[in-house]
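Shown next, in structure tokens, is the structure this report addresses.
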Amino acid sequence: MTKLEIPAINFEKEIPASFDEMSSEEFIRFAHLYLELQKGAITLNHLKTEMVFQFLGLKYSKWRFELMLEEDKAKIYENIYLISEKLDFLFVQEPTDDGKINLKVNFPFTKNLIPKYQGFIGPDDIMNDVTFLEYKNAHVAAMEFLKSSDETDLNWFVATLYRRPWLRWLKKPSYDEFKTKKNAEKVSCWPVSVKYAILLNFLAWEEYIRTGTFTIDGNEISFSILFKSSGDDEGSDAGTGLTGLLFTIAETGVFGNVKATSEQNLYDILFRLYQVQREKMEMEKRMNKKK
């Protein structure tokens, strides 16, 4: 967290210094503002100012502000600007080939910032409890939405990851892809900002899987060797690629048939693929030495 201090008014408060430190309400507000930014309805400075108000729990009253002395207004503008400078963690700026600046959300982060919504329960942090089939179907729906901007795809994506138990005190039901359509109808009435926030969370997890490190059996490993470095668009053939992986792993018989493999935990599948890739790399290394 970032500690803010304004001695002149005896003010102290902590605000998030990363996405992982945000509350659900704060993250949903960010998603709403980010959608407005992408549409060109607001500027980056406007977004950061609104997030300052969100983090500080302040509400803007135009008529009260207009009654203030100009000197007091100037002090408020200055303080808001200084605080907004602490929010640079929200985005990274990347130069494009045509000399412009591409603004991207500062992925990755690992926490599920919306663990529950309206009785529906989402995945654990970084999808620790998600099956391979659940992940595959969520990934495909997410990529479809990013290409089409069709809210139906977004509903399907959210309904894949979020499910509501029959009774509030029961655990989250297991994933059943045949019930996704019914769930999608239920989440269709959710605010777009909530669903989009869930999407951003998911994309952050995917980025961490590609670039982060994991400790398995006391060893720190990276799944980066499983992903191409050519910059190819993963989403262009997402369905075929992930389905192909499912059948490839099923053929080994490690987890059983296709159905049993699809119900395996996502990280069990990733770790098995990691082992296979490392063995392949070691074999290629030995073969090259013999040449």
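Observations on the structure shown:
- The set of residues in the range 70-105 being under 19 Å from residue 34 (Cα atoms) and assigned to a strand (DSSP E or B) consists of 91, 92, 93, 94, 101, 102, 103, 104, 105.
- Pairs meeting the criteria (first residue in the range 1-29 and of a type in the set (Val, Ile, Thr), second residue surrounded by fewer than 13 Cβ atoms within 10 Å (Cβ to Cβ), beta carbons under 9 Å, at least 6 apart or on different chains) are 2/14; 6/12; 6/82; 15/1; 15/3; 28/191.
- Some residue of the range 242-264 being among the acidic types (Asp, Glu), at pLDDT below 80, surrounded by fewer than 13 Cβ atoms within 10 Å (Cβ to Cβ) and part of a helix (DSSP H, G or I): yes
Residue-by-condition table, conditions (1) in the same structural domain as residue 201 (by TED's automatic domain parsing); (2) among the aliphatic types (A, V, I, L, M); (3) more than 20 Å from residue 191 (Cα to Cα); (4) not in a strand (DSSP E or B):
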position: 8; (1), (2), (3), (4): no, yes, yes, yes
position: 20; (1), (2), (3), (4): no, no, yes, yes
position: 27; (1), (2), (3), (4): no, no, no, yes
position: 32; (1), (2), (3), (4): no, no, no, yes
position: 38; (1), (2), (3), (4): no, no, no, yes
position: 42; (1), (2), (3), (4): no, yes, no, yes
position: 50; (1), (2), (3), (4): no, no, no, yes
position: 53; (1), (2), (3), (4): no, no, yes, yes
position: 59; (1), (2), (3), (4): no, no, yes, yes
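- Every pair of residues 6+ apart whose Cβ atoms lie under 6 Å, when the first sits in the range 121-142 and is farther than 19 Å from residue 197 by Cα while the second is among the polar types (S, T, N, Q): 132/262; 132/264; 133/262
- Condition met for residue 126 (within 27 Å of residue 5 (Cα to Cα) and outside any loop (DSSP other than H, G, I, E, B)): no
- If you go through the range 129-156 and keep only what is part of a helix (DSSP H, G or I), over 24 Å from residue 214 (Cβ atoms) and not acidic (Asp, Glu), you end up with 141, 145, 146, 147, 148, 152, 154, 155, 156.
- Only listed residue being charged (D, E, K, R) and within 17 Å of the chain's Cα centre (by Cα), chosen from 217, 150, 124, 176: 124
- One residue from 84, 188, 193 being surrounded by 14 or more Cβ atoms within 10 Å (Cβ to Cβ), of a type in the set (Ser, Thr, Tyr) and at pLDDT below 90: 84
- Checking 217, 125, 153 one by one, the residue that is at pLDDT below 95 and either farther than 27 Å from residue 18 by Cα or not assigned by TED's automatic domain parsing to the domain that holds residue 25 (or both) is 217 and no other.
- Residue pairs whose Cβ atoms lie under 9 Å apart, sitting 6 or more positions apart in sequence or on different chains, and linking a residue in the range 47-74 that is surrounded by fewer than 11 Cβ atoms within 10 Å (Cβ to Cβ) and among the hydrophobic types (A, V, I, L, M, F, W, C) to a partner that is part of a helix (DSSP H, G or I) and at pLDDT 90 or above, are 58/52.
The values are calculated or read from the model by the stated rules, or taken from the named source; none is laboratory data. On a predicted model such as this, the values are computed, not experimentally measured, just so you know. Please note: Cβ atoms are built from the backbone with ideal geometry, for glycine as well, and neighbour counts cover all protein chains shown.
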